[in-house]
Amino acid sequence: MGGDEFVVLLEDLDEDEQVAAAQAETVGEKIREIIGQSYLINGHEHHSAASIGITLFCGPVRTMEEMLKQADVALYQAKADGRNAVRFFDPAMQTAVSARVALESDLRRAVSEQEQFLLYYQPQVDSTGRMIGAEALVRWRHSERGMVSPAEFIPLAEESGLILPLGHWVLTTACQQLAAWAAQPETAHLTVAVNVSAKQFHLPTFVEEVLALVDYFGVNPAKLKLEITESLLLDNVDDIIAKMTALKACGINFSMDDFGTGYSSLSYLKRLPLYQLKIDQSFVRDVLTDPNDAAIAKIIVSLAQSMNLAVIAEGVETEAQREFLELNGCHAFQGYLFSKPVPAKEFEQLIAKYA
Ligand code: C2E
Ligand code: CA
Ligand code: CA
């Protein structure tokens, strides 16, 4: 732009403003670090530092001049803050980005120390009210913030790659629990469902990782259920199908989580070795009052029936919802009606109630 001013235009950032901001910041930091490295010219060492201002293309379309002016304002802020820094045009954006960066560094530490994570279990029950299994849901007990919701930190873990070690911890803990339950007559019949992120699944060693854990803990593979989401099918479907088929051949079952909220193509659905569809809680919530949700829930049940798949509803909070689903052919349920997710010890006390 001028003697020592450059413009970088980033394309294809995420649609979500927060995520796009985090991505832009990552690139900004990368540029800042690289420019900050010393270099030699004619045998003399030189140092440079970059001040970087960022603005996002979002909301109403703005002119190029306007965008550049915003980036310039952010650039001056970076200089005012002592140079060698990255700043956003919008102070609110800056605050959000800083909070995210702080949370990510806490998450990184927590994952390496592995002491702040807990695995909770939420009952899954059948038509007769008997408990058939549990979904394992991770919890992060942050030393200062208290419980951080997985809805908040799982996306961050996915974006930063921390989901790989964290997901491994979850799988390990779940298999260990499954083995402990298999040894007790009251709990030997229980299945455990584990959420698996697309990133984890795409790992070339994923199949071996799962099989090694099953083997190590001596778990009955038929008791392990992996919950995947439709987003897994966005790329490299053939690889996914091959991995699922390999795991299925060893007895491990798959459940399609949040079913109906993504972009499932019915032709893929036919090719996937699934065991179960899980009706998303967004359809269950208003199943009694919203005719569209009721229709979707019914369609998912009949789709499952015609494809020979099991079906379970999540987010079941009232007896009336349970009854409606039951009358429409869904015979497995999970939700606050039975219990919220609880630690393994508390879960074991629930078993007597749903025996
Ligand atoms: P999800 O897999 O769809 O999990 C269901 C969420 O609904 C859980 O939230 C659960 O606590 C909540 N829930 C259960 N019953 C009810 C109900 O009756 N009513 C309502 N309103 N909510 C109910 P949670 O535990 O906060 O988890 C949020 C999401 O975080 C999960 O959604 C899942 O996508 C992700 N997650 C949690 N644990 C893991 C994990 O170990 N690995 C991965 N990859 N993702 C995880
Ligand atoms: Ca799930
Ligand atoms: Ca779900």
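The numbers here are math on the coordinates, done by the rules we state, and not lab data. Keep in mind it's a predicted model, so treat the numbers as computed, not measured. When we count neighbours, we look across all protein chains shown, and the Cβ atoms used for this are built from the backbone with ideal geometry, even at glycine.
Computed quantities for the displayed model
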item	result
Degrees between helix 344-353 axis and first principal axis of the chain (Cα, 0 to 90, nearest 10)	30 degrees
Rounded FRET efficiency, nearest 0.05, which uses the C-beta distance separating Ala320 from Ala355 and R0 of 25 Å	0.55
Antiparallel content of DSSP bridges confined to the chain, in %, to 5	45 percent
Cα-projected label distance for Ile31 with Cys250, points at 7 Å along beta-carbon direction, nm	4.5 nm
Rounded to 10°, Cα long-axis angle of helix 150-160 versus longest principal axis of the chain	50 degrees
Long pairs among Lys243/Lys298; Lys199/Lys243; Lys199/Lys298; Lys223/Lys248; Lys223/Lys298, criterion Cα-Cα beyond 22 Å	Lys243/Lys298; Lys199/Lys298; Lys223/Lys298
Most fluctuating residue given options Val284, Val148, Val170, as computed from a GNM of the chain linking Cα atoms under 10 Å	Val148
Extended-chain gain in nm, criterion 0.36 nm per residue less alpha-carbon gap, Leu118 and Gln281	56.4 nm
Shape call, region 251-355: gyration tensor on alpha carbons, a/c limit 1.5	oblate
Cut-off under 5 Å, modelled amide H: who pairs with Ala310 long-range	Gln276, Leu277
Segment Ser265-Asn236, extension gain: residue separation times 0.36 nm, minus the distance between their alpha carbons	9.0 nm
Karplus-derived 3J(HN,Hα), 6.51/-1.76/1.60, for each residue of region 121-126, Hz, glycine and proline x	10, 10, x, 10, 10, 9
Residue (of Thr173, Ala80, Thr261) at the positive-pole extreme of the chain, dipole from beta-carbon charges	Thr173
Förster-model FRET efficiency, 35 Å R0, Leu40 and Glu66, C-beta, rounded to 0.05	0.30
Ala99-Val73 FRET efficiency (beta carbon distance; Förster radius 22 Å; 0.05 resolution)	0.55
Potential extension, Phe6-Asp81 segment - 0.36 nm per residue separation minus Cα distance	25.0 nm
Protection-proxy order for peptides 286-299, 269-282, each taking the mean of Cβ atoms within 10 Å per residue, highest first	269-282, 286-299
q = 0.20 Å⁻¹, region 1-149: log10 I(q)/I(0) [Debye, one scatterer per Cα]	-1.22
Quotient of Cα Rg and 2.2 N^0.38 Å for the chain, N being how many residues it contains	1.20
Whether region 176-252 is rounded, prolate or oblate, judged on the alpha carbon gyration tensor where a/c under 1.5 counts as rounded	prolate
Rounded tilt (10° steps) of 17-36 against the dominant C-alpha axis of the chain	40 degrees
Candidate lysines - alpha carbon under 26 Å from Lys79, same-chain residues fewer than 8 apart omitted	Lys30, Lys69
Nonlocal amide H pairs with Leu226, under 5 Å, H built at 1.01 Å	Val194, Asn253, Phe254, Ser255
